[in-house]
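Here is the structure we will look at, set down as structure tokens.
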């Protein structure tokens, strides 16, 4: 992840949200995608490793919540309140 080395909230947010594929992942979540495969289908060309990395970063920063399936296989993803607050930015 790119680091601007600043404590400015805009710079700090850019470090996370301006990464390649991240806006598309957030768009897919805003449009109702909930599983890894649904999110990936809406982002043709992204590798599974990079998608996993981006989802992990978004979870770590409180933008999304990952819930493991009871079967132990897979998970569902949903935006947190912070993630949902990005809707106006995505639709602008």
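Quick notes
- Going through [x] 7.0; [y] 6.3; [z] 8.2, the figure that equals mean projected area of the Cα convex hull in nm² as computed for the structure here is [y].
- The residue 49 and residue 87 beta-carbon pair, evaluated with R₀ = 30 Å, returns a calculated FRET efficiency of approximately 0.60.
- Packing-based order for 64-71, 33-40, using average beta carbon neighbours within 10 Å, highest first: 33-40, 64-71
Where a number appears in this text, it was derived from the coordinates with a stated rule and is not lab data. The shown structure was predicted, so the numbers you read here are calculated from the model rather than taken from an experiment. Note: ideal-geometry Cβ built from the backbone for every residue, glycine included; neighbour counts use all protein chains shown.
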